[in-house]
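Heads up: the structure comes next, in structure tokens.
The values are calculated or read from the model by the stated rules, or taken from the named source; none is laboratory data. None of these values were measured; they are calculated from a predicted model. Here Cβ is always computed from backbone atoms with ideal geometry, including for glycine, and neighbour counts include all displayed protein chains. Only protein heavy atoms, including side chains, enter the accessible area calculation; ligands, DNA and RNA are left aside. Shrake-Rupley method; radii C 1.70, N 1.55, O 1.52, S 1.80 Å.
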Amino acid sequence: MRAIGPIALQRVGVIVSPRRNLAYLAAALSAIGLAPIVLATDRSAVGLADYFAVQGAADPQISPDGSRVAYVLTTPDVGSDQRVASIRLVASRDGVDVPLEPGAKHDRQPRWSPQGDRLAFVRARAGKYEIRVVRPPGTSELVVELSSAPVGLVWSPTGDRLAYLASEGAAGRAPVASTSPAGATWARPPIVVADPGFQTAASMLPAPVRFHVYVVDAKQAAAPRRLPSPSLGSALPYGGSGLSWSQDGRRVLATLAPPRDHWKNLLGSALYSIDVVTGEIRQIAAPATGVGRPMMSTEGQLAFVGNHVARADHYMDRRLYVGASEAGPFSWIHSDLDRPISAALWAPDGRGLYAVYLDEGVGRLAHFGLDGQRRVLATTGGGDASSYASGGSLSVALDGTVAFAFSDAGTPSEIALVSAGQAPRVLTRNNAGYIASRLVNPVESLRYRAADGREDVHAWLVKPASAAAGQKLPTLVLLHGGQSADYGPDFDLDAQIMAAHGYLVVLPNYRFSGSYGRRFGTRPNYPEGTEADVLGAVDALIERGIADPDRLYIAGGSGGGAITAWTIGLTNRFRAAAVWNAPIEWSTYVFEAATGPSTMHGTFETPPWEAPGDYFRRSPFARVGSVTTPTLVTIGTLDRVTPISQSILYFRALQYRGVPSELLVYPDEPHGIDAFPSHAMSHIAETLSWFARYGGPPLVPPRF
């Protein structure tokens with residue numbers, strides 16, 4: 001399916017923008033592990049068409065003997081406007097990289113059997129989902145076909161069964177008096193909603209679903225068996241839900257959300273043990289707001305990541321817990337480290353765990369010994385640097401070799417290896433041809449004082465590679481979303497394209513960002529104070545003489561969009577702004593959005609009718625009466641996190657006040673506007689075009 005172009009509204013008007021691209025040479029050279037010999041002067045600038053050129057490697061799964069790594073390669077396809085997902089096998093010794101099954105386009109979740117002789121994976125085909133098993137380099141065989149996507153796929157210790165999580169529709173009441181008599185054709189009946197998980201959108205969303213644990217025979221096609229278990233609810237919690245098996249294969253350990261008050265415990269989950277024979281269920285641990293993927297060691301020890309969602313909404317205070325057995329007790333083994341854990345796995349000897357933690361926007365892979373010693377082995381860059389990720393992009397072989405996702409300022413996501421006593425090395429070269437042909441813009445760190453003088457803040461800068469020394473540059477502040485997410489020194493295609501257009505791009509990790517410790521990440525009264533962090537970065541760069549004070553621009557998505565709207569309601573220093581898929585008015589947002597309940601009881605702690613003044617005072621909407629900055633507002637029609645009504649509210653208020661503004665609506669896009677490569681490209685192109693209207697550098701059209 002090709003994406004429908006954006007609908008741009010400026011009082012009246014509709015535009016649709018088709019896109020196309022191929023990058024045959026780079027792809028061919030990358031496939032054989034070679035980069036072309038290109039002189040620096042022959043390199044082209046990073047451009048809009050690169051949304052169809054950059055590939056992403058993720059979910060590395062090293063075989064037990066360490067000889068090869070299975071991973072998922074995502075490749076944008078210009079013909080279908082889709083991102084093709086295929087599983088590849090790369091040899092650890094020499095980097096020879098081959099497809100698991102040539103021609104596959106929708107494969108994910110590769111998982112080695114404990115013996116390393118088979119690989120299970122999930123394939124999407126014709127609206128269905130298949131769990132398949134293959135003995136590489138053979139042809140895969142179907143294990144089971146499902147109507148919904150399975151997640152958390154995991155082998156039993158003996159390799160005879162697979163466990164997974166899958167959803168099923170929640171039972172609902174049928175409408176009454178809506179059945180047409182024979183021969184009559186009536187309009188569709190009403191949709192009956194009696195579930196608190198329902199959210200609004202431009203079109204009605206599917207009925208709420210429930211997630212459960214299933215077990216299926218891995219050796220022959222058989223019907224899966226659903227284990228009796230608490231439901232995960234209408235969405236997987238942020239804790240990083242997952243499964244593991246007990247050593248004897250008799251029990252499945254599952255991170256599940258018990259029956260709960262949807263409005264007060266949306267992100268809550270606990271760790272359960274489910275007997276696969278008798279169905280007996282018992283809770284093992286619930287020491288935190290949410291519990292991440294459980295992990296059993298070869299010695300019978302149990303570890304998991306406990307997610308303490310602190311006040312200020314989504315601050316992810318992930319802690320690594322270990323117990324001597326399923327019975328516990330469980331202790332937090334890194335209380336000296338004030339940083340969230342992103343992913344973890346047991347070391348083969350059971351004396352510690354390998355884990356990725358986030359430190360000032362940078363992912364660091366370390367060995368956490370049970371003796372309290374911590375040893376950093378590698379920097380993952382942005383490969384796993386997300387405060388919202390948990391349990392992925394990390395695997396370990398029996399000899400202790402660790403495979404992980406890696407990215408840095410000049411390397412889009414690839415797969416890397418590290419083992420004791422050896423330096424980390426990047427194993428795959430999917431983007432080698434692309435990088436060799438591009439003039440990548442340099443990235444550097446910036447530390448400065450917030451404009452209110454109350455906070456030291458950290459940011460990343462992406463500078464135009466073509467900028468002359470001493471040149472004052474148009475400056476674009478780009479704000480991350482999720483409030484507890486953060487920027488790292490990875491290859492950020494959006495920022496690279498903006499810098500290639502001539503902008504000095506500023507990526508501030510403003511207060512509430514998630515990898516600077518609990519104090520920084522849990523400030524009260526979000527989003528108050530964030531504007532000081534934004535303006536402090538601008539002031540620091542102006543003082544250095546590299547930012548043009550007369551050409552300042554600001555943009556951000558989700559939480560970053562909210563801070564963009566908040567900031568331009570407090571200052572008119574920016575010549576233009578772009579507010580992407582943002583929450584605007586909190587009292588309505590908490591009842592419209594998928595994450596509204598957690599916002600209500602995290603950021604505000606009470607419903608809006610108990611604190612109406614606080615809700616309004618801290619809403620970007622409260623500042624709209626002071627906005628004079630020309631503003632582009634963008635949203636996807638299928639956005640559950642920040643429903644389209646929030647963007648419409650802001651756009652119409654701007655129009656009422658006479659502020660130059662447009663609303664850009666992307667059909668069939670969920671949160672983030674990147675489901676289709678053409679939409680991702682169009683979204684940045686429209687933003688840059690908007691800024692060009694107000695003194696920014698001219699838009700460079702995509703070149704295919």
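Yes/no matrix, rows are residues, columns are (1) under 27 Å from the mean Cα position of the chain (by Cα); (2) open to solvent by 10 Å² or more (accessible area, probe 1.4 Å):
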position	(1), (2)
G545	no, yes
S558	yes, yes
I568	yes, no
A577	yes, no
A582	yes, no
S587	yes, yes
P597	yes, no
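Would you mind telling me which numbered condition in (1) over 24 Å from L227 (Cα atoms); (2) β-branched (V, I, T); (3) part of a loop (DSSP other than H, G, I, E, B) T158 fails?
Result: T158 fails condition (1) only.
Filter the stretch 141-182 for residues that are more than 14 Å from D217 (Cα to Cα), of a type in the set (S, T, Y) and in contact (Cβ under 8 Å) with a residue 40 or more places away in the chain and give the result.
If the condition is that a residue be more than 14 Å from D217 (Cα to Cα), of a type in the set (S, T, Y) and in contact (Cβ under 8 Å) with a residue 40 or more places away in the chain, then S148, S167 are the ones that fit.
Quick one: in the stretch 649-677, which of the residues that are in a helix (DSSP H, G or I) and among the hydroxyl-bearing types (S, T, Y) is nearest to L688 (Cα to Cα)? Can you show your working first?
Step one: filter the stretch 649-677 for residues in a helix (DSSP H, G or I), giving 649-657, 677.
Add one more test, that the residue is among the hydroxyl-bearing types (S, T, Y), and what stays is 650, 656.
Values: Y650: 20, Y656: 25 Å.
Filtering the stretch 649-677 for residues that are in a helix (DSSP H, G or I) and among the hydroxyl-bearing types (S, T, Y), the one nearest to L688 (Cα to Cα) comes out as Y650.
What do you reckon, is G470 touching a residue at least 40 places away in the same chain (Cβ under 8 Å) and within 23 Å of the chain's Cα centre (by Cα)?
No: the conditions fail for G470.
What is the number of the single condition among (1) surrounded by fewer than 22 Cβ atoms within 10 Å (Cβ to Cβ); (2) over 20 Å from T401 (Cβ atoms) that L345 does not meet?
Going through the list (1) surrounded by fewer than 22 Cβ atoms within 10 Å (Cβ to Cβ); (2) over 20 Å from T401 (Cβ atoms), L345 breaks only (2).
Can you pull out the residues in the stretch 419-476 that are open to solvent by less than 10 Å² (accessible area, probe 1.4 Å), part of a strand (DSSP E or B) and of a type in the set (A, V, I, L, M, F, W, C)?
Result: L446, V457, A459, L461, V462, L476.
Among (1) among the acidic types (D, E); (2) open to solvent by 40 Å² or more (accessible area, probe 1.4 Å); (3) touching a Phe, Trp or Tyr at 6+ places or on another chain (Cβ under 8 Å), where does E669 come up short?
So E669 meets the others, but not (2).
Of everything in the stretch 101-124, what is surrounded by 20 or more Cβ atoms within 10 Å (Cβ to Cβ) and not in a strand (DSSP E or B)? Give them in sequence order.
S113, R118
Of the residues that sit in the stretch 637-654 and are among the polar types (S, T, N, Q) and within 20 Å of F616 (Cα to Cα), which one is surrounded by the fewest Cβ atoms within 10 Å (Cβ to Cβ)?
Across the stretch 637-654, the extreme among qualifying residues is S645.
Just the residues that are at pLDDT 95 or above and either in contact with a His (Cβ under 6 Å, 6 or more places away or on another chain) or among the small types (G, A, S) (or both), please, taken from the stretch 582-625.
A582, S587, A611, G613, S619, A622, G625
Considering the stretch 43-88 alone, what residues qualify as being out of contact with any Ser or Thr (no Cβ under 9 Å at 6 or more places or on another chain), farther than 20 Å from I673 by Cβ and part of a strand (DSSP E or B)?
Once the filter is applied, which keeps residues that are out of contact with any Ser or Thr (no Cβ under 9 Å at 6 or more places or on another chain), farther than 20 Å from I673 by Cβ and part of a strand (DSSP E or B), the stretch 43-88 yields only I87.
Does the stretch 157-170 hold any residues that are under 20 Å from S244 (Cβ atoms) and touching a Pro at 6+ places or on another chain (Cβ under 8 Å), and which are they?
Scanning the stretch 157-170 gives P157, T158, G159, Y164, L165, A166.
Yes or no: T634 open to solvent by less than 20 Å² (accessible area, probe 1.4 Å), within 18 Å of E686 (Cβ to Cβ), part of a helix (DSSP H, G or I) and at pLDDT 95 or above?
No, not satisfied.
If you check A499 against the conditions, is it modelled with pLDDT of 95 or more, more than 22 Å from N581 (Cβ to Cβ) and among the small types (G, A, S)?
So A499 passes the test.
Going through G696, G602 one at a time, which residue ends up being small (G, A, S), surrounded by 20 or more Cβ atoms within 10 Å (Cβ to Cβ) and assigned to a helix (DSSP H, G or I)?
The match here is G602.
So, L699, is that one within 22 Å of L504 (Cβ to Cβ) and either touching a helix residue (DSSP H, G or I) at 6+ places or on another chain (Cβ under 9 Å) or in contact (Cβ under 8 Å) with a residue 40 or more places away in the chain (or both) or not?
Yes.
Which condition from (1) in contact with a helix residue (DSSP H, G or I) (Cβ under 9 Å, 6 or more places away or on another chain); (2) modelled with pLDDT of 95 or more is the one that S466 breaks?
(2)
Could you say whether any residue in the stretch 678-688 is polar (S, T, N, Q), open to solvent by less than 10 Å² (accessible area, probe 1.4 Å) and outside any helix (DSSP H, G or I)?
Scanning the stretch 678-688, I find no residue that is polar (S, T, N, Q), open to solvent by less than 10 Å² (accessible area, probe 1.4 Å) and outside any helix (DSSP H, G or I), so the answer is no.
Filter the stretch 125-134 down to the residues that are open to solvent by 20 Å² or more (accessible area, probe 1.4 Å) and either within 24 Å of the chain's Cα centre (by Cα) or not aliphatic (A, V, I, L, M) (or both) and list them by number.
Once the filter is applied, which keeps residues that are open to solvent by 20 Å² or more (accessible area, probe 1.4 Å) and either within 24 Å of the chain's Cα centre (by Cα) or not aliphatic (A, V, I, L, M) (or both), the stretch 125-134 yields R125, G127, K128, Y129, R132.
Counting residues that are out of contact with any Lys or Arg (no Cβ under 9 Å at 6 or more places or on another chain) and at pLDDT 65 or above, which strands (runs of 3 or more DSSP E) fully inside the stretch 224-290 reach at least 2?
Per the criteria, 251-256, 270-275, 281-285.
Given the criteria surrounded by fewer than 24 Cβ atoms within 10 Å (Cβ to Cβ) and under 21 Å from the mean Cα position of the chain (by Cα), does A540 qualify?
Here the answer is no, as A540 does not meet what is asked.
Across the stretch 78-99, what is the number of residues that are over 23 Å from V418 (Cα atoms), open to solvent by 10 Å² or more (accessible area, probe 1.4 Å) and in contact (Cβ under 8 Å) with a residue 24 or more places away in the chain?
So the count comes out to 4.
Quick check on the stretch 609-617. Is at least one of its residues open to solvent by 10 Å² or more (accessible area, probe 1.4 Å), more than 30 Å from T75 (Cβ to Cβ) and either aliphatic (A, V, I, L, M) or not in a helix (DSSP H, G or I) (or both)?
Within the stretch 609-617, one or more residues are open to solvent by 10 Å² or more (accessible area, probe 1.4 Å), more than 30 Å from T75 (Cβ to Cβ) and either aliphatic (A, V, I, L, M) or not in a helix (DSSP H, G or I) (or both).
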